[in-house]
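The values are calculated or read from the model by the stated rules, or taken from the named source; none is laboratory data. Worth saying up front: this structure is predicted, and the values here are computed from it rather than measured. Cβ: placed from backbone, ideal geometry, glycine included. Neighbour counts: every protein chain shown.
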Amino acid sequence: MKAVGVHNSLPVTDASALENVEIAKPSASGRFLLVRVHAVSVNPVDTKIRMAAGSRLEQPRILGWDCAGVVESVGPECILFKAGDEVYYAGDVTRAGCNSEYHLIDERIVGRKPAKLSFDDAAAMPLTTITAWEAMFERMNISRDPTANKGKSILIIGAAGGVGSIAIQLAKKVAGLSVVATASRPETEKWCRDLGADQVINHREALAEEFKRIGQNGVNYILCLVGTAQHWHGMADVILPQGKLCLIVDTESNQPVNINLFKPKSVAITWEFMFTRARFQTADIAEQGVLLNEASGMFDSGVLRHTRTQHYGDLNAANLLKAHAKLESGTMIGKLVLSVS
Ligand SMILES: NC(=O)c1ccc[n+]([C@@H]2O[C@H](COP(=O)([O-])OP(=O)(O)OC[C@H]3O[C@@H](n4cnc5c(N)ncnc54)[C@H](OP(=O)(O)O)[C@@H]3O)[C@@H](O)[C@H]2O)c1
């Protein structure tokens with residue numbers, strides 16, 4: 001079957017950084033589904049793994065951890081899906097990704113594709129939805145009952161990107177929080193407001209000064225999606241006493257940060273890594289499928305909207321490389337997808 005893979009870690013400016021390859025079509029065993037891929041999205045993790053894959057690999061590393069497609073066949077132990085079901089999922093970073101015609105996926109981390117979304121629009125959503133959902137509702141334990149969150153607020157740093165675009169919606173429309181989003185350009189500010197942000201501040205300015213400007217004394221929760229070390233002091237300034245902070249990216253160049261800054265306010269600091277459940281085969285791994293199904297219902301009922309803003313054509317090495325370049329520019333608004341025909 002056709003796929004796009006990496007044989008050598010190369011910068012995005014090198015036309016051979018991604019290659020069209022032919023690999024064996026897998027077959028489903030155990031609790032795995034064989035999915036006919038219809039559309040894929042691209043995340044910063046793809047570019048990071050492309051650069052870390054190694055050199056002169058005998059077998060190409062297949063990237064891609066956002067997929068929408070149709071179940072072609074199921075392993076003998078599958079109980080959740082059957083052939084013909086339309087699905088969407090992010091997957092497992094320790095296994096081959098979905099940049100191929102067919103893909104094997106553990107059914108426990110798969111969700112029913114939102115019926116009202118096209119395959120392209122559905123493919124834009126799983127990885128970022130899982131990340132934002134787990135970060136807010138599981139790691140920070142934010143209630144999904146808006147009445148329990150009356151008067152509470154969240155700061156989302158890097159809010160116009162893939163994760164932020166769904167995080168704004170989950171925070172506002174599901175949890176009923178007051179949302180302060182960060183954006184540094186007029187078009188990203190507008191996008192954040194359109195998605196439901198109550199306030200938009202600029203992450204290129206000091207956070208404390210920006211909070212003064214909007215007349216807010218702090219927030220109960222912070223979801224930091226970009227620039228962990230860069231925003232570390234600013235986050236300590238604007239978090240309210242007994243607040244919670246969730247991080248999703250390593251500190252830049254593994255720069256150390258001073259955890260003590262958060263002690264006076266008794267702030268709880270937590271990490272979210274959306275591949276944890278699959279990577280460590282945690283006992284609650286199937287919760288990822290459950291949350292994707294819940295989110296699917298929210299897309300269908302109109303509580304949530306998809307965040308696809310761009311289409312990069314059919315999946316092939318040249319188009320995928322353009323998509324990687326866009327991601328690496330750090331200027332994404334929402335999500336981009338490619339179709340698999
Ligand atoms: N731990 C996990 O499970 C997990 C899951 C998903 C993603 N991630 C990581 O989280 C990061 C964000 O992912 P994403 O998909 O949302 O990325 P993305 O879509 O590429 O984010 C783009 C956005 O980042 C904003 N931005 C750029 N520089 C910034 C800065 N210095 N401070 C604040 N915001 C800045 C930009 O806003 P402006 O244009 O307005 O400046 C842009 O809209 C990536 O590093 C990714 O690898 C981790």
I'm trying to understand the selection: among the residues of the range 1-30, which are within 24 Å of the chain's Cα centre (by Cα) and part of a loop (DSSP other than H, G, I, E, B)?
Ser9, Leu10, Pro11, Val12, Ala17, Leu18
If you scan the range 261-301, which residues turn out to be acidic (Asp, Glu) and in contact with a helix residue (DSSP H, G or I) (Cβ under 6 Å, 6 or more places away or on another chain)?
Glu272
Are any of the residues in the range 216-230 over 19 Å from the mean Cα position of the chain (by Cα) and surrounded by fewer than 14 Cβ atoms within 10 Å (Cβ to Cβ)?
yes
Looking for something out of contact with any strand residue (DSSP E or B) (no Cβ under 7 Å at 6 or more places or on another chain), farther than 23 Å from Trp232 by Cα, of a type outside the set (Lys, Arg) and within 10 Å of the ligand (Cβ to nearest atom) - is there at least one such residue anywhere in the range 167-189?
yes
Which pairs do you get when a residue that is within 18 Å of Val219 (Cα to Cα), found in the range 188-205, comes within reach of a residue that is of a type in the set (Val, Ile, Thr) and in a loop (DSSP other than H, G, I, E, B), reach meaning Cβ atoms under 8 angstrom, with the pair 6+ apart or on two chains?
His203/Val226
Strands (runs of 3 or more DSSP E) enclosed by the range 226-330 - at least 2 residues per element that are away from the ligand (no atom under 14 Å from the Cβ) and either touching a Gly at 6+ places or on another chain (Cβ under 6 Å) or at positive phi (or both):
239-247
Looking only at residues that are in contact with a strand residue (DSSP E or B) (Cβ under 9 Å, 6 or more places away or on another chain) and over 14 Å from Ala96 (Cβ atoms) in the range 10-21, which one is surrounded by the most Cβ atoms within 10 Å (Cβ to Cβ)?
Leu18
Contacts under 7 angstrom Cβ, first residue in the range 224-249 being of a type in the set (Ser, Thr, Tyr), partner modelled with pLDDT of 95 or more and not in a loop (DSSP other than H, G, I, E, B), 6 or more apart:
Thr228/Leu247
